[in-house]
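J.: Take a look at the following structure, please.
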Amino acid sequence: MPRAAYWRAEAAGITCELCPHGCRIAEGRSGLCKVRRNERGAMVLPFFGLVSSLAVDPIEKKPLHHYLPGSNVFSAGFVGCNLRCPFCQNWRISQEIPASLERHDPRSLAEAALRSGCPSIAYTYSEPSVHFEFVLASMAEARAVGLRTVLVTNGCINGGPARELLALTDAVNVDLKTWSPEAYERVLGGRRDTVLEFIRIAAELCHVEATTLVVPDLSDSVEGMRSIAGFLASLSKDLPLHISAYHPAWNHGAPPPPSKLLGELAIAARVELRFVYIGNVAGEAADTLCPSCGSVVIARRGYHVDMKGLAVAGATGRCASCSAPLHIIV
Ligand code: SF4
Ligand code: SF4
């Protein structure tokens, strides 16, 4: 069984150093994420390469709106997670271990992605960072065959491994689930400041977009959204923020937030950021507007993408109307 990185042996077991939980794991037991295990005093990876789902998705579904817009991405999901968000849409793979899993090695997964014809591969659905070793190896193989790499993550990973992972990542979408450190810990079982540090590192190393799911009593305050947008704007005013509507799932039955509230949150975020999108609402347009002249650069209806307003200049886009440079990677 493959050995893990980022752990240390101790008298009463081993301590995992991958994420801020720092699980102390006794012989024969697994950490909180369920996928890292102590066997005979060493941390091993029983779920290395075990994939719960493979699919070809529009890249807008990750969501990434400023990275290869209009393209498809080969998406791989695993099992386990180091958070326990009560509204998790993917709880059947994040909080439970499904019976049918398919084993891949890093190269075979990259080859499957290449055969799909997609220009990129995404590690997504449950939390990929708890499979740090496999994702790292798979990203290296994917890059070797000419694919771009996409990470969709909760960002709850310590700085050292985060740097390693992000050095091989081309684009990341990271959840910033609430501005409240207390709610991060009590409701989600995570650490806000670890996520903020992850986003800072990501902004140095790759293309970054952020998502805040609007959940009643967790992330629905205008003041909290202002703080989230202010933090992201301190890294770049061009960092796209997706304000996404929560829908009841798993252990959370509260009704979804009204569209009016999402609009108010978006207005608050736009004081700080130039690209703010509302997602997960039927019929809601998520167009990209040129911040200089206001023209529609990319029109989106659901996953239909029309890029007539985008002029390509090298690897990035410009507004076709006024030629303003845009941080959109094409
Ligand atoms: S990665 Fe898993 S085992 Fe390691 S500290 Fe985090 S939750 Fe615990
Ligand atoms: S971080 Fe994502 S996968 Fe994990 S419990 Fe929360 S919503 Fe589910």
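Condition check ((1) outside the structural domain of Val130 (by TED's automatic domain parsing); (2) closer than 30 Å to Val330 by Cβ; (3) not small (Gly, Ala, Ser)) across all residues:
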{"site": "Met1", "(1), (2), (3)": "yes, no, yes"}
{"site": "Ala55", "(1), (2), (3)": "no, yes, no"}
{"site": "Trp91", "(1), (2), (3)": "no, no, yes"}
{"site": "Asp105", "(1), (2), (3)": "no, no, yes"}
{"site": "Glu111", "(1), (2), (3)": "no, yes, yes"}
{"site": "Arg115", "(1), (2), (3)": "no, yes, yes"}
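J.: I'd like to verify a number: residues in the stretch 298-330 that are part of a strand (DSSP E or B), over 16 Å from Glu209 (Cβ atoms) and without any contact (Cβ under 8 Å) to a residue 60 or more places away in the chain, how many?
T.: 10
J.: For the stretch 225-259, give me the residue count where each residue is assigned to a loop (DSSP other than H, G, I, E, B) and touching a residue at least 12 places away in the same chain (Cβ under 8 Å).
T.: Going through the stretch 225-259 one residue at a time, the tally reaches 13.
J.: State which residue is nearest to Cys156 (Cα to Cα) when the search covers only the stretch 75-110 and only residues that are more than 16 Å from ligand 1 (Cβ to nearest atom) and touching an Asp or Glu at 6+ places or on another chain (Cβ under 8 Å).
T.: Ser75
J.: With Ala286, Ala269, Ala282, Ala229 as the choices, which residue is at pLDDT below 95, more than 15 Å from the chain's Cα centre (by Cα) and open to solvent by less than 20 Å² (accessible area, probe 1.4 Å)? Working first, answer last.
T.: Details: Ala269 fails: at pLDDT below 95; Ala282 fails: open to solvent by less than 20 Å² (accessible area, probe 1.4 Å); Ala229 fails: at pLDDT below 95.
Just a single option satisfies the conditions, and that option is Ala286.
J.: Is it true that Tyr67 is among the hydroxyl-bearing types (Ser, Thr, Tyr), buried (at least 23 other Cβ atoms within 10 Å of the Cβ), at pLDDT 95 or above and more than 16 Å from ligand 2 (Cβ to nearest atom)?
T.: For Tyr67, the condition - among the hydroxyl-bearing types (Ser, Thr, Tyr), buried (at least 23 other Cβ atoms within 10 Å of the Cβ), at pLDDT 95 or above and more than 16 Å from ligand 2 (Cβ to nearest atom) - is met.
J.: Output the residues belonging to the stretch 8-24 that are away from ligand 2 (no atom under 16 Å from the Cβ) and surrounded by fewer than 21 Cβ atoms within 10 Å (Cβ to Cβ). So that I can check it myself, show each step before the final result.
T.: To start, the set of residues in the stretch 8-24 that are away from ligand 2 (no atom under 16 Å from the Cβ) comprises 8-17, 22, 24.
If the condition is that a residue be away from ligand 2 (no atom under 16 Å from the Cβ) and surrounded by fewer than 21 Cβ atoms within 10 Å (Cβ to Cβ), then Arg8, Ala9, Glu10, Ala11, Ala12, Gly13, Thr15, Glu17, Gly22, Arg24 are the ones that fit.
J.: Kindly indicate whether any position in the stretch 233-241 is buried (at least 17 other Cβ atoms within 10 Å of the Cβ) and closer than 20 Å to Val187 by Cβ.
T.: Within the stretch 233-241 (the criterion being buried (at least 17 other Cβ atoms within 10 Å of the Cβ) and closer than 20 Å to Val187 by Cβ), the answer is no, since none of the residues qualifies.
J.: Something else: Can you report the number of residues in the stretch 3-25 which are more than 20 Å from Cys85 (Cα to Cα), within 12 Å of ligand 1 (Cβ to nearest atom) and in a loop (DSSP other than H, G, I, E, B)? It would help to see each step written out before you state the result.
T.: Narrowing the stretch 3-25 to residues more than 20 Å from Cys85 (Cα to Cα): 3-17, 24-25.
From the residues that got through so far, the ones that are within 12 Å of ligand 1 (Cβ to nearest atom) too are 4-8, 13-17, 24-25.
Subset that is in a loop (DSSP other than H, G, I, E, B): 4-6, 17.
So the answer is 4.
J.: Then there's this: Taking the stretch 102-138 on its own, how many of its residues are over 21 Å from Leu64 (Cα atoms), within 16 Å of ligand 2 (Cβ to nearest atom) and of a type in the set (A, V, I, L, M)?
T.: 1
J.: Just checking, does the stretch 182-189 include any residue being buried (at least 18 other Cβ atoms within 10 Å of the Cβ) and away from ligand 1 (no atom under 16 Å from the Cβ)?
T.: Yes, the stretch 182-189 contains a residue that is buried (at least 18 other Cβ atoms within 10 Å of the Cβ) and away from ligand 1 (no atom under 16 Å from the Cβ).
J.: Collect the residues in the stretch 26-53 that are over 24 Å from Thr124 (Cβ atoms) and either open to solvent by less than 40 Å² (accessible area, probe 1.4 Å) or more than 11 Å from ligand 1 (Cβ to nearest atom) (or both), keeping them in residue-number order.
T.: To start, the set of residues in the stretch 26-53 that are over 24 Å from Thr124 (Cβ atoms) comprises 26-29, 38-44.
Across the stretch 26-53, the qualifying residues are Ala26, Glu27, Gly28, Asn38, Glu39, Arg40, Gly41, Ala42, Met43, Val44.
J.: Please go through the stretch 289-304 and pick out each residue that is modelled with pLDDT under 95 and in contact with a strand residue (DSSP E or B) (Cβ under 6 Å, 6 or more places away or on another chain).
T.: Tyr303
J.: Is it the case that the stretch 92-105 has a residue that's of a type outside the set (Phe, Trp, Tyr), in contact (Cβ under 8 Å) with a residue 60 or more places away in the chain and touching a Leu at 6+ places or on another chain (Cβ under 7 Å)? Steps first, answer last, please.
T.: First, pick out the residues of the stretch 92-105 that are of a type outside the set (Phe, Trp, Tyr): 92-105.
Checking the rest, the ones that are also in contact (Cβ under 8 Å) with a residue 60 or more places away in the chain come to 95, 97.
Now narrow it down to the ones that are touching a Leu at 6+ places or on another chain (Cβ under 7 Å): none.
No; the residues of the stretch 92-105 include none that is of a type outside the set (Phe, Trp, Tyr), in contact (Cβ under 8 Å) with a residue 60 or more places away in the chain and touching a Leu at 6+ places or on another chain (Cβ under 7 Å).
J.: Which residue out of Ala162, Ala113 is in contact with an Asp or Glu (Cβ under 8 Å, 6 or more places away or on another chain) and either buried (at least 24 other Cβ atoms within 10 Å of the Cβ) or not aliphatic (A, V, I, L, M) (or both)?
T.: Numbers: Ala113 fails: in contact with an Asp or Glu (Cβ under 8 Å, 6 or more places away or on another chain).
Exactly one of Ala162, Ala113 is in contact with an Asp or Glu (Cβ under 8 Å, 6 or more places away or on another chain) and either buried (at least 24 other Cβ atoms within 10 Å of the Cβ) or not aliphatic (A, V, I, L, M) (or both), namely Ala162.
J.: Report every pair of residues separated by at least 6 positions or lying on different chains whose Cβ atoms are under 6 Å apart, first residue within the stretch 117-136 and assigned by TED's automatic domain parsing to the domain that holds Ile199, second of a type in the set (Gly, Ala, Ser) and assigned to a loop (DSSP other than H, G, I, E, B).
T.: Pro119/Ser71; Val130/Gly80; Glu133/Ala5; Phe134/Gly49
J.: So which residues in the stretch 308-330 are open to solvent by 60 Å² or more (accessible area, probe 1.4 Å) and either farther than 20 Å from Ala171 by Cα or in contact with a helix residue (DSSP H, G or I) (Cβ under 7 Å, 6 or more places away or on another chain) (or both)?
T.: Those that are open to solvent by 60 Å² or more (accessible area, probe 1.4 Å) and either farther than 20 Å from Ala171 by Cα or in contact with a helix residue (DSSP H, G or I) (Cβ under 7 Å, 6 or more places away or on another chain) (or both): Lys308, Ser321, Ser323.
J.: Just checking, how many residues over the stretch 201-226 are surrounded by fewer than 16 Cβ atoms within 10 Å (Cβ to Cβ) and at negative phi?
T.: 4
The values are calculated or read from the model by the stated rules, or taken from the named source; none is laboratory data. In this text the structure is predicted, and so the values were computed from the model without any measurement. A quick note on method: Cβ atoms are made from the backbone with ideal geometry, for glycine too, and the neighbour counts reach across all protein chains shown. In case anyone asks, the SASA skips ligands and DNA or RNA and just uses the protein heavy atoms, side chains included. Shrake-Rupley method; radii C 1.70, N 1.55, O 1.52, S 1.80 Å.
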